[in-house]
1. Could you name every one of the helices (runs of 4 or more DSSP H) located completely within the stretch 3-51 that has at least 3 residues being under 14 Å from Arg163 (Cα atoms)?
2. Looking only at the stretch 370-389, count every residue that is over 20 Å from Arg335 (Cα atoms) and at pLDDT 95 or above and tell me the total.
3. If you go through the stretch 374-403, how many residues are touching a residue at least 40 places away in the same chain (Cβ under 8 Å), out of contact with any Asp or Glu (no Cβ under 6 Å at 6 or more places or on another chain) and open to solvent by 20 Å² or more (accessible area, probe 1.4 Å)?
4. Confirm whether Gly107 is in contact with a Leu (Cβ under 6 Å, 6 or more places away or on another chain), in the same structural domain as Arg298 (by TED's automatic domain parsing) and more than 10 Å from the ligand (Cβ to nearest atom).
5. Is there a residue being within 16 Å of the ligand (Cβ to nearest atom), among the aromatic types (Phe, Trp, Tyr) and open to solvent by 30 Å² or more (accessible area, probe 1.4 Å) anywhere in the stretch 23-37?
6. Gly229 versus (1) modelled with pLDDT under 95; (2) within 30 Å of Glu67 (Cβ to Cβ); (3) within 16 Å of the chain's Cα centre (by Cα): which is the lone unmet condition?
7. For the stretch 157-172, give me each residue that is more than 11 Å from the ligand (Cβ to nearest atom), farther than 21 Å from Gln32 by Cβ and open to solvent by 40 Å² or more (accessible area, probe 1.4 Å).
8. Can you confirm whether the stretch 256-278 contains a residue that is open to solvent by less than 30 Å² (accessible area, probe 1.4 Å) and on the phi > 0 side of the Ramachandran plot?
Amino acid sequence: MQAVELIRKKRDGHTLSTDEINWFIAEYMREQIPDYQMSSWLMAVYWRGMDARETSDLTMAMAHSGEELHVRDVISPVVDKHSTGGVGDKVTLAVAPLVAACGIAVGKMTGRGLGHTGGTVDKLESVAGFRATLSREEFMRILTQHSLVLAGQSHDLAPADGRMYALRDVTGTIESIPLIAASIMSKKLAIGASHLLLDVKVGSGAFMKTVEQARQLAETMVAIGQLSGLHAVAAITSMDQPLGHAIGNALEMAEAIAILHGNGPKDVSHLCYHEAAELLVMTGSAGSFSEAESRVERVVRSGAAVAKLAEVIAAQGGNAQQIEQPQLLPAAPVRSMLVAPHSGYIAGIQSEQIGLVSMQLGAGRFKKGEQIDHRTGLVLQAKVGEYRRAGEPLVEIHARTDAEASSVREPLLACYSWSDAPVTVGPLVYDTIRP
Ligand code: URA
């Protein structure tokens, strides 16, 4: 086989065989295919697309390119959860302990924030001493002993994705449904959970800007699951405004703890309980959605869910006292309130822009590898649809200095749009795609 033949074949709109896809990825990983040929092939896929079988073959070839954990061979069922990323998205921090407290094991590898969306590992690392980098043995031991592990993404899993993603990032080939689906699902297959809940975000603050695009990505990933023996379900959920109130690492950790206590903001709490219930139904642990919801409610009321989070934090070297008493989490030295500039209904809050303001305060990275400040961020005092009188609190700014707090006031106000008439808020869950 010749790489240029496979580039031409895809360029001309033909379908690649399983052997051809396996060969292409394997030769790339053996450094026998250079980056310029891989880039060219990625561009051909970007324009010509891939059918379900090709996408599944590509995913599998990428999943087999490095270490594989096979967690379901050790404990089953074992669930995984993935969000395509949003602003204020602390859902994994709450769903994982909720599900584990209901008796279903959760083995989760999770990323760092880059760009306007935050990363779960960064939020967890706001807890003193928490260790996200685990060896394979530690990952397995913590998972079997505590039914829950929350680790950083290992570079040894699906290394083909790491190399291909870096190329896509600089060759204009990120925005391709088969390439995004294969990238996400290869990392999931390499972990080897039995069940996967995908949260595909859609809206101004998300990768997918329309429900139609999100549905296509969701259906593609669920189909890959079906073809590879992973039971995957995808919820299509709104990112038209930030989720909950808190944006920023320690602030979101505190909000996740509130959700586990049953005191979180309504929108994000509803989403967390909904996703946890979906996982209980998927695994057959609950016979119906209402039974699943009652079980989730019980572990919230009994304190078992928050205790599970404290348990896993301690198992990974973190200070569990900060979970029991979230006021001990790191706090920014400056708190400053931005007030409503006039009276009216909040018609929109631009998630992406709000995420960028939070990054400016130090809560996110502009470049890979940058240090972040776990203490800083924003706490929204009102969401879309709510009425505010002029001078009433709009956003609490958590900053390192007064100057930094002042510098974000104008950009923050620009994130809001207002209406004189009442505003209807769209649904949080648009649809759920099942196999
Ligand atoms: N997240 C991933 O892991 N890969 C993509 O291609 C896009 C989002």
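The values are calculated or read from the model by the stated rules, or taken from the named source; none is laboratory data. Only a predicted model underlies this, so the values are computations on that prediction, with no experimental measurement involved. Don't worry about glycine lacking a Cβ; one is built from the backbone with ideal geometry, like all the others, and counts go over all protein chains shown. Heavy atoms of the whole protein, side chains included, go into the accessibility calculation; ligands, DNA and RNA do not. Shrake-Rupley method; radii C 1.70, N 1.55, O 1.52, S 1.80 Å.
1. Working: elements: 3-11, 18-29, 35-48.
Answer list for the stretch 3-51: 18-29, 35-48.
2. Of the stretch 370-389, the ones over 20 Å from Arg335 (Cα atoms) are 370-371, 384-389.
When the remaining residues are screened for being at pLDDT 95 or above, the result is 384-389.
Matching residues across the stretch 370-389 total 6.
3. Of the residues in the stretch 374-403, 17 are touching a residue at least 40 places away in the same chain (Cβ under 8 Å), out of contact with any Asp or Glu (no Cβ under 6 Å at 6 or more places or on another chain) and open to solvent by 20 Å² or more (accessible area, probe 1.4 Å).
4. Details: in contact with a Leu (Cβ under 6 Å, 6 or more places away or on another chain): yes; in the same structural domain as Arg298 (by TED's automatic domain parsing): yes; more than 10 Å from the ligand (Cβ to nearest atom): yes.
In short, yes.
5. Let us first name the residues in the stretch 23-37 that are within 16 Å of the ligand (Cβ to nearest atom), namely 25.
Checking which are among the aromatic types (Phe, Trp, Tyr) leaves us with none.
Checked the stretch 23-37: no residue is within 16 Å of the ligand (Cβ to nearest atom), among the aromatic types (Phe, Trp, Tyr) and open to solvent by 30 Å² or more (accessible area, probe 1.4 Å).
6. Result: Gly229 passes all but (3).
7. Within the stretch 157-172, Val170, Gly172 qualify.
8. Here is the first cut: in the stretch 256-278, the residues open to solvent by less than 30 Å² (accessible area, probe 1.4 Å) are 256-260, 264-265, 268-269, 271-272, 275-278.
Keeping just the survivors that are on the phi > 0 side of the Ramachandran plot gives none.
No, there is no match, as no residue in the stretch 256-278 is open to solvent by less than 30 Å² (accessible area, probe 1.4 Å) and on the phi > 0 side of the Ramachandran plot.
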